[in-house]
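Below: one structure, written as structure tokens.
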Amino acid sequence: MKKEHMIGQALRGLNRNRLRTFFMMAGIMVGITVLTVVLSAGMGARERIMERVRVFGLENLMVWAGGPTDQVRLGQGTGGTPGVQVTTTLKIEDAQAIADEIRGARAIAPFARRGDSEASWRDRSYTTPVFGVTPEWRDVWDWPLDRGSFITDHDNQSMSRVAAIGPTVVRELFGSEDPMGQMIQVNGVPFEVAGIMGVKGTSAGGGDMDARVFVPLVTYMRRVANVDYLSGIRVQVRDLRDMEAVAADINALLRERHNLAPGEPADFRITTPTEITAMVEEMQGTFNLFLIVVAGIALVVGGVVVANIMLVSVSERRKEIGLRRAVGAKPRDIRGQFLMESTGVTLLGGIAGIGLGIVGNLVTKWLTGTPVLLTWQVLAAGVLFSTAVGVVAGLHPARRAAAMAPVDALRS
Amino acid sequence: MKVVRSLRISARQLGVHRTRTTLSLLGIVIGVSSVIAIVAVGYGARQEVIGRIQAMGTDLIMVTPAQIRPTGGRMQVRGTVTTLTLQDATVLSEELAQIASAVPWASRRMPVKFQGVSSTTTVLGVTPDALDVLNLDTAVGAFHDQREEVTASRTVVLGPTVARALFGEESAVSRRVLIGTVPFEVIGVLRPRGTDLSGTDQDDMVLIPLRTALRRVFNQDWLNGIYLQARSEGEMDAAAGQIRWLLRERHRLDRIGADDDFEIQTQAELMATHREIGDTFTTLVGGIAAVSLLVGGVGILAIMLMTVRERTREIGVRLSVGARRRDVRTQFLAEAVMLGTGGGMAGIALGLGGAAALAVATDWAVQVEPFSVVLSFGFSLLVGIFFGVYPAHRASLLDPVEALRSE
Amino acid sequence: MEQALIEARELSRVYKKDDSAGVAALKGVSLEILKGEFVALVGASGSGKSTLMNLLGCLDRPTTGSVILDGKEVSGLDEDALAEVRNRKVGFVFQSFNLLPRTSALENVELPLLYTDRSDLRGPAREALEVVGFPAERFNHHPGELSGGQQQRVAIARALVNDPEILFADEPTGNLDSSSSEEIMALFTELNRRGRTVVLVTHDAKVARHAGRVLTMQDGQIVSDEANAAGNNTSQASNDPGADRQTPSPNAENQA
């Protein structure tokens, strides 16, 4: 049969028994609807989970001042003992260079901290970590702000003396009084409380992350600690997958800036959240597998229904098949005809299924609040799979049809 | 027409029209089995996903001496509260049912030296249970065992950062290092873990047996903290309460009316994430199952409608040879019930089988939720019966002539 | 003597069901049909006449023996080659018309054309319908809207559309009333007069009388092969004095 006639013949064949066609379409529609909803809702849920996990600082790496074999390191989340020699080679200019030259870095948060400092207000005092930071600190750490404002670029430019304090500090210094606008002393230097941080909780190591005082980086370095070097830089990467590459780029950049010869031990360290990353990757893997399993179930369902109805259709169209053979159709013509019918049906049913799946998405969202994400990949999957099911499900019935002897088929 | 005869006729009808019966059954079987399998697999996947977060310590309770504010980091010792002891840890783990195990620890920042190279790092003294409770793993060599703990041996497990600083690419195992001024033998190196949630480098530490730390290195008889693993996440609050009560008693705080000389904390943020992810997953699976159920119901409806249309003529014949309308309805009801029940049970069997097969294939903790079985079976049965009987009821109201004439 | 258009050699057809010995519908039949002949196969029900025609028309394969069409052995051909034969060389008309339901007359006639390399199906189909005298205003009607006689005309047009060498018809008037039957037989007669070889099966003596040669069958074998001078025949062999002929009966008439 010439190709241009094949589609017409298939469509006419489907039209001849509309009820049967409808039910085959319904079969695949079921499968594709479930597939669409599964993929959309699944991807939506995965996105939401990723958002949540991002809080773990998944996309961040740390650059620490000081190599592994130096006497004392600062800013590792632990305090150093004041007065001991520290590494002085990590500068604000290094942070700027990273911001300018490393494309994989989305945000840079340089910071300085020299052990713990004494914060006092009136007659109360409390020893706590004090960090000199930039506005990016809140982004890269996902640190919540409860009231007032955090450190701004302007604060750093003008070296202003403002502070944002954590809930534990509020409790220890102010009790139930309102800290906003009050003047506190940090190691003797006066600061105005401009913001109150939200609750961040306990760190994995048992540290109290609500015991914090944040002041502008430049102010801290020049007025409080009297240093010209950083303790570290936290870098947020654009894409989780590039973590190692970005770390390598920063490593190369800093080695060059610090004039380190090859083989010379570095005066800085870079650490990445390997354990957390591994966990998240495994989590995503499990998620994806689940989606595939469910989608597979849906497709098998659709395919089985279509195959069954096709078989019934073939046995009930014996006379037609016999007739076609009698007028000269080759077995492959018959096979092709039925295959094309089944593929056409599943394709139409698949498109209807996608439409119904979109409705299903809205229903799911309304019923359960799960976010749904409809992408072109989901649509393509629907179309692709419905075609595939049509071919596979139609294959056996098509072969059976082709194998019938004309004489037997015509006998009724 | 007697009920039994009616049933027999219905059964035979189902057997005669095998194709039609099979198709109708198929709709129900598929609807029921797919929902059961999906929910079961969803359970397993959810356990997998949240299990990973759990491994990061959602069931950990951290007890530290008070006023020693581990400020932003792990092992900062400030002030001199020295009341937390090894006996406290033992008592807590033995007497509190909600506690599965306890890991007492002590730590200081000290230099670790090897052949002239020195690296100042966190020296952590822990008991062997730390391996499980803190989710540690050795990349090479071994961790401390009970014997080394009891004999206060001078063995150390290095974190990868320290190992690399001191030994470069060479093997560190069996080498000797100095912790402070005390010689130690390296028995293992930890698997890299990278930065933790608060930015601390977890690879920058060395671990020695707790007793060794207390007696030979730090020369102290008090702890910097105790990690306690709760038996289950749900019991954390109860456990925390019990811990506080027990420690206050042991430290005789009530007698002198003092505040707690310790602090109890949990990984609140981690737990919140744990819970949220679990919930997200549950609603996702629920949503998928609901959609499958609905779609399956539509499928059953379609098939039922098709078969009844085909049989309008049959209804006409029966009416014309003297069957009462009631007889026709009974026949169809019986058929629908048999079909629905048979299909439903076959669906349950298939769903269970499918769940079992998936459990083997994916290695997940696949578990069938009884609710899904009941719901899908009930729903499919209802739909099948209603749409099997209602159209037949409509057809039975026709004149026999009209019914016979329909195509 | 000219070469036969279609020749049967020792054809036999045995139907076996399960492990039984089987029923022999045809027992070693041989015959020759020349171009232009109008042949009728007659016999009682079960005589094997339909079986023989199915074999000659390449709808079925013989158990033993061979069929030779236009000098080529066709009974041993593979399915694809056989399909070609059915498409080009042979046209079949059935007792129950076997038109595709819910399909127009025109599309029904186009059916054999689908399995050729031609792009234009409409043209030849229209022509075929015109040749059989089917009214143009009914070209788009479905079988359900046509009378028996009209349906059979469509079936004949379909059988002719690829210009086959032989036209086979199995009880073509079996489902028709007498006036339609007459019209259809007149059509066959006309087609034969224009040179088409026609072989038909019938149990109706009146129908058989249109043919120029009548083969009678009984129990799977040919028991008589007679010429019917009153019947039709455009084959040259009708002028052959050596053929076995019966004297025409006085009542034989050309029923037109």
Residue in the stretch A:149-165 that is surrounded by fewer than 20 Cβ atoms within 10 Å (Cβ to Cβ), farther than 24 Å from A:K91 by Cα and within 14 Å of another protein chain (Cβ to nearest Cβ) present: no
Segments classed as helices (runs of 4 or more DSSP H), wholly inside the stretch A:322-412, with at least 3 members that are more than 24 Å from A:L11 (Cα to Cα) and not basic (K, R): A:331-368, A:376-403
Lone unmet requirement of (1) part of a helix (DSSP H, G or I); (2) out of contact with any Leu (no Cβ under 7 Å at 6 or more places or on another chain) for B:G322: (1)
Meets criteria (at pLDDT 85 or above, more than 10 Å from chain A (Cβ to nearest Cβ) and more than 31 Å from the chain's Cα centre (by Cα)) for B:D88: yes
Pair list, Cβ under 7 Å, 6 or more apart: the stretch B:344-367 residue facing chain A (nearest Cβ under 10 Å), other residue buried (at least 19 other Cβ atoms within 10 Å of the Cβ) and outside any helix (DSSP H, G or I): B:L358/B:V366
From B:R216, B:R191, B:R176, B:R147, residue being at pLDDT 90 or above, within 12 Å of another protein chain (Cβ to nearest Cβ) and surrounded by fewer than 19 Cβ atoms within 10 Å (Cβ to Cβ): B:R191
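Of the residues A:T364, A:T343, A:T368, only one is of a type outside the set (K, R), touching a helix residue (DSSP H, G or I) at 6+ places or on another chain (Cβ under 7 Å), away from chain C (no Cβ under 14 Å) and within 30 Å of C:N98 (Cα to Cα); which? Steps first, answer last, please.
Values: A:T364 fails: within 30 Å of C:N98 (Cα to Cα); A:T368 fails: within 30 Å of C:N98 (Cα to Cα).
Matching residue, one of A:T364, A:T343, A:T368: A:T343.
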Spans of strands (runs of 3 or more DSSP E) in the stretch A:207-276 with at least 1 residues more than 14 Å from every other protein chain (Cβ to nearest Cβ): A:213-216
Selection status of A:V293, on the phi < 0 side of the Ramachandran plot, without any contact (Cβ under 8 Å) to a residue 12 or more places away in the chain and part of a helix (DSSP H, G or I): yes
Odd one out for A:I297 among (1) more than 8 Å from every other protein chain (Cβ to nearest Cβ); (2) buried (at least 22 other Cβ atoms within 10 Å of the Cβ): (1)
Output for the stretch C:98-119, where each listed residue is in a helix (DSSP H, G or I) and either without any contact (Cβ under 8 Å) to a residue 24 or more places away in the chain or at the interface with chain A (Cβ under 7 Å from one of its Cβ atoms) (or both): C:E107, C:L111, C:P112, C:L114
Residue selected from the stretch C:6-65 under the condition among the small types (G, A, S) and under 13 Å from C:I166 (Cβ atoms), by the criterion farthest from the other protein chains (Cβ to nearest Cβ): C:G36
Residue count for the stretch A:12-42, restricted to those that are surrounded by fewer than 24 Cβ atoms within 10 Å (Cβ to Cβ), touching a residue at least 60 places away in the same chain (Cβ under 8 Å) and more than 10 Å from chain B (Cβ to nearest Cβ): 4
Test result for B:S396, more than 17 Å from B:S34 (Cβ to Cβ) and of a type in the set (S, T, N, Q): yes
Hits in the stretch C:129-178 (condition: in a loop (DSSP other than H, G, I, E, B), touching a Lys or Arg at 6+ places or on another chain (Cβ under 8 Å), buried (at least 18 other Cβ atoms within 10 Å of the Cβ) and not hydrophobic (A, V, I, L, M, F, W, C)): C:N162, C:P164
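The values are calculated or read from the model by the stated rules, or taken from the named source; none is laboratory data. Only a predicted model underlies this, so the values are computations on that prediction, with no experimental measurement involved. Note: ideal-geometry Cβ built from the backbone for every residue, glycine included; neighbour counts use all protein chains shown.
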